[in-house]
1. Is it fair to say Asn386 is at pLDDT below 95 and not basic (Lys, Arg)?
2. Output the residues belonging to segment 170-206 that are of a type in the set (Lys, Arg) and not in a loop (DSSP other than H, G, I, E, B).
3. Tell me the residue from Ser366, Ser381 that is under 30 Å from Leu23 (Cβ atoms) and of a type in the set (S, T, N, Q), please.
4. Restricting attention to segment 363-382, and to residues there that are modelled with pLDDT of 95 or more and small (Gly, Ala, Ser), which single residue is surrounded by the most Cβ atoms within 10 Å (Cβ to Cβ)?
5. Among the residues of segment 112-160, write down those that are without any contact (Cβ under 8 Å) to a residue 24 or more places away in the chain, of a type outside the set (Val, Ile, Thr) and under 30 Å from Glu58 (Cα atoms).
6. Mind checking whether some residue in segment 346-362 is surrounded by fewer than 18 Cβ atoms within 10 Å (Cβ to Cβ), part of a helix (DSSP H, G or I) and modelled with pLDDT under 95?
7. Please enumerate the residues belonging to segment 340-365 that are over 19 Å from Lys226 (Cβ atoms) and over 23 Å from the mean Cα position of the chain (by Cα).
8. Please determine whether any residue of segment 70-82 is hydroxyl-bearing (Ser, Thr, Tyr), modelled with pLDDT of 95 or more and at negative phi.
Amino acid sequence: MPNARENGVNMLAVKKQNRGSILQLIHLSGSISRKEIALRLGLTPAAITMITGELLDEGLLCQVEAEREKSTNRKGRREVLLQINGAHYAALGVYITRHKFRVLCTDLNNTILFEDLIYTGDCRRKAPAILEKLTHTIQAKLAEYNVLSTRTMVGLGVSINGIVDSVSGISVNPFQVWEERNIPVASILSEKLRMPVLLTNNICALAHGESVLSSHRRIHPMLFIKYGPGLGAAYTLGDGQSSVFNYRAIQLGHMIADPNGAPCVCGNQGCLETIIHYDSIENTMKSMLSEQRTPALWDLTGGDAAKVTIQEVIRAYNAKDPVVEQTLDRVIFYLCLVIKNMLTLFDPESVVLYGELFENERFRQSLQQQLTRYANTERVSFSHYNMGLETLGPAATVESLFFENGGLLSSEEKEL
């Protein structure tokens with residue numbers, strides 16, 4: 001039989017889990033009544049009253065009165081709703097990529113307190129130097145904006161390209177962000193900054209940010225596809241919770257699209273990346289650049305192939321340069337093909353597209369038109385936060401982890 005100590009530990013675990021479930025539900029709902037929480041979670045009204053009372057006393061929740069419906073003439077007291085007291089808490093989000101990192105600090109109402117872009121060329125792609133520079137940047141910014149004396153910091157979310165072990169906080173293979181492998185990023189930064197740190201793959205962080213920050217009121221099965229400069233994706237089963245560990249990165253760009261195609265850097269042949277990666281598009285257009293075949297691109301670059309960039313290619317595309325149109329139409333064809341295949345394979349409730357080229361109206365409309373050829377593509381939409389999640393995404397991951405842990409920081413957890 002379990003002894004009293006074991007029973008006590010189990011009760012604490014249940015209490016922490018219930019706190020986490022309540023906080024996650026309130027976080028996703030914006031504001032919600034105690035009655036609705038009890039119905040949604042299957043907890044007793046007494047348990048809801050006790051736990052939410054503690055959360056109110058701790059300052060993590062606040063109460064607001066529901067707006068009275070205009071269609072009713074009912075008088076009396078309005079329903080009391082609970083919501084996260086977001087202005088009193090803050091989170092940090094960082095995206096580390098080659099040659100630079102971005103830093104953002106936001107409160108839990110998603111009001112941005114500060115953000116910055118720092119270049120790391122002087123770090124010579126060495127992980128210790130980059131992480132030291134990141135530490136100093138965060139410390140200086142927190143002091144400059146007086147964040148720690150006015151708000152409780154819930155933690156730092158860090159996203160990075162490549163293979164990541166989020167549970168251990170290790171960057172296994174950062175795909176040339178820095179030279180080293182198996183760097184314990186989370187433990188290094190947590191020790192230096194004295195706060196919880198969560199490390200995630202960059203596309204998983206984007207996907208989580210989209211799920212939590214969009215208008216959805218529940219986490220549902222979703223495939224998130226990021227295009228630019230390469231192609232990657234993340235998938236979540238969406239079991240109704242917002243756990244940061246529910247997301248799985250997919251190396252979508254390394255699906256074989258053309259078995260007889262060009263060699264890929266991964267060692268295979270004909271990967272999707274060899275067709276749709278920005279580098280591949282630029283190289284194709286450089287090889288075809290001429291005053292006769294690509295007049296608009298020729299004028300934009302002065303006939304200099306070294307000046308052919310994806311930005312100039314898009315300008316030539318908007319100018320209806322025929323060869324450029326053919327090249328991007330091929331890109332769109334393969335994008336639509338992989339989207340349809342992913343719909344068939346994973347059967348998600350939604351597919352969300354994110355990337356710079358989707359900002360171009362002509363490219364976006366052409367993609368939408370091509371998608372109508374396939375069944376179930378009405379599930380495909382564009383991100384609510386396109387090009388705005390690089391740092392908001394990782395900040396959202398550490399916020400969600402905070403709620404998932406019952407709104408407890410490590411020192412508080414010991415006292416629960």
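1. no
2. Listed by number, the list holds a single entry, Lys192.
3. On the way: Ser366 fails: under 30 Å from Leu23 (Cβ atoms).
Result: Ser381 is the single residue among Ser366, Ser381 that is under 30 Å from Leu23 (Cβ atoms) and of a type in the set (S, T, N, Q).
4. Ser366
5. Hits for segment 112-160 are Ala140, Ala143, Asn146, Leu148, Ser149.
6. Within segment 346-362, one or more residues are surrounded by fewer than 18 Cβ atoms within 10 Å (Cβ to Cβ), part of a helix (DSSP H, G or I) and modelled with pLDDT under 95.
7. Thr344, Glu361, Arg362, Gln365
8. No, that holds for no residue.
The values are calculated or read from the model by the stated rules, or taken from the named source; none is laboratory data. Just so we're clear, the structure is a prediction, and the values are computed from it rather than from any experiment. Because the Cβ atoms are built from the backbone with ideal geometry, glycine has one as well, and the counts that use them run over all protein chains shown.
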